[in-house]
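I'd like to ask you about the structure that follows.
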Amino acid sequence: MRFLCLKWAAVAAAALCLASACDKKGGGDDVLPKDISLSEMELSMLVGETARLEATVFPSSASDKTVRWSSTNTDRATVDAEGLVRAVSQGSAYILAETVNGIRTSCLVTVGAKAKYKVTITLDGEPVPSMLYGWPGMELQLAADSNDGEVHTYQWSASTGAASVTDAGLVTFALGNPAGVEGYAWWGESVIRAVTPDGCSAAVTAVSAVSGTFRLGSSVAAVGGTGVMATGSSAEITLYGFDGSDSILIPQTAFSLRSSDSSVLAVSGKTVSAGETEGNATLFVQFPGSEESVLCNLTVQKQSSSSSSSVEVYQEELPEW
């Protein structure tokens, strides 16, 4: 949930006015799930062990958040209706979680003997957290180490989705799959693994995300929101991502913009300009390798010649990863 604070200031000349809004379903309409995530994307277990997976259905306003659980190989691992996984025998299986409308995600369960040593994935010599966050195009050089004092070779791999990794452990964040989950416009996840020849391994989840906020001049609004521009005014579009709690500027070369009606709202690079014609226009954004998405819907109208107000909107709380 985002918390916004507003600060109004009167100005003498016409200025850009923008107010964020979110489209909401009517009270009688069902809201279908759009995505589902699991508390773990990968589990390493011993025979007889149990572990519970937690599933989160998005958006939070979904009418039916029922989750159906299943295993692709019950000889290796089983799961009950509450997400409790039990390791049956050595091998692997995927535990599947599915929403009522068929959206599915999975957790890879590997059942085996206890490792003789522990592998740790590191960044700049320090152990990395279980989740790494970045934005499209960002690179991180990972390494791996063990606690047995021996030098091991590691095979690096990445599940498809939001990041890739080289044989030397260089991770590159990509766009992932557009999802629009809980205020984020685009995101994706990939499991990065480092495995020794004798099967000892460590894994970290790489999350590539672009914030669900954009900036128009001095104003901020949510992706998918609505706003108002004065005829003859213009604004520069800036997109931000988040690395932990810090906002990160998304390079302008990483996305392109399009207007649904150039006579109402023209686009030149990352600048949008309102013409002298009043009307409505939809502003679209696109990242390489993804489908075009709605950024916002803007109404262009004439403003009072006497005075106008500009609104400064800022985030009191940044998203918590």
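May I ask you to say which residue of 88, 47, 79 is outside the structural domain of residue 302 (by TED's automatic domain parsing) and at pLDDT below 85?
Answer to the selection: 47.
Test residue 12 against the stated conditions and say whether it is more than 28 Å from the chain's Cα centre (by Cα), more than 24 Å from residue 205 (Cβ to Cβ) and modelled with pLDDT under 90.
yes
With respect to residue 57, determine if the residue is under 30 Å from residue 297 (Cα atoms), outside the structural domain of residue 298 (by TED's automatic domain parsing), modelled with pLDDT of 90 or more and in a strand (DSSP E or B).
Against the criterion (under 30 Å from residue 297 (Cα atoms), outside the structural domain of residue 298 (by TED's automatic domain parsing), modelled with pLDDT of 90 or more and in a strand (DSSP E or B)), residue 57 qualifies.
Follow-up question, since we're still on this one. Filter the stretch 200-218 for residues that are of a type in the set (S, T, N, Q) and modelled with pLDDT of 75 or more; which is farthest from residue 174 (Cα to Cα)?
The selected residue is 201.
If residue 69 satisfies all but one of (1) buried (at least 19 other Cβ atoms within 10 Å of the Cβ); (2) of a type outside the set (Gly, Ala, Ser); (3) assigned to a strand (DSSP E or B), what's the number of the condition it fails?
Failed condition: (1).
While we're on this one: Considering only the stretch 226-246, how many residues are among the small types (Gly, Ala, Ser) and modelled with pLDDT under 75?
3
Scan the stretch 79-117 for residues that are assigned to a loop (DSSP other than H, G, I, E, B) and over 30 Å from the mean Cα position of the chain (by Cα) and report the count.
Final tally of qualifying residues: 9.
I need a count of the residues in the stretch 255-282 that are in contact (Cβ under 8 Å) with a residue 40 or more places away in the chain, assigned to a strand (DSSP E or B) and either buried (at least 17 other Cβ atoms within 10 Å of the Cβ) or touching a Gly at 6+ places or on another chain (Cβ under 7 Å) (or both).
2
While we're looking at this one, here's another question. Kindly indicate the residue of the stretch 118-150 that is outside any loop (DSSP other than H, G, I, E, B) and among the small types (Gly, Ala, Ser) and also surrounded by the fewest Cβ atoms within 10 Å (Cβ to Cβ) among those meeting that condition.
143
Shifting gears a bit: Across the stretch 32-60, which residue is nearest to residue 158 (Cα to Cα) among those that are among the polar types (S, T, N, Q) and over 18 Å from the mean Cα position of the chain (by Cα)?
Of everything passing the filter in the stretch 32-60, 44 is nearest to residue 158 (Cα to Cα).
Let me ask another. Please tell me if residue 197 is modelled with pLDDT of 75 or more, under 18 Å from residue 237 (Cβ atoms) and part of a loop (DSSP other than H, G, I, E, B).
When the stated conditions are applied, residue 197 does not pass them.
While we're on this one: Out of all the residues in the stretch 67-78, which are over 28 Å from the mean Cα position of the chain (by Cα) and of a type in the set (S, T, N, Q)?
Across the stretch 67-78, the qualifying residues are 73, 74, 78.
Which one of these is part of a loop (DSSP other than H, G, I, E, B) and modelled with pLDDT under 65: 290, 306, 310?
Answer to the check: 306.
Okay, next question. For the stretch 151-169, enumerate the residues that are assigned to a loop (DSSP other than H, G, I, E, B), in contact with a Phe, Trp or Tyr (Cβ under 7 Å, 6 or more places away or on another chain) and crowded, with 16+ Cβ neighbours inside 10 Å.
Of everything in the stretch 151-169, those that are assigned to a loop (DSSP other than H, G, I, E, B), in contact with a Phe, Trp or Tyr (Cβ under 7 Å, 6 or more places away or on another chain) and crowded, with 16+ Cβ neighbours inside 10 Å turn out to be 162, 169.
The values are calculated or read from the model by the stated rules, or taken from the named source; none is laboratory data. Fair warning: this is a prediction, and the values are worked out from it, not measured in the lab. In this analysis, Cβ positions are derived from the backbone assuming ideal geometry, glycine residues included, and neighbour counts consider all displayed protein chains.
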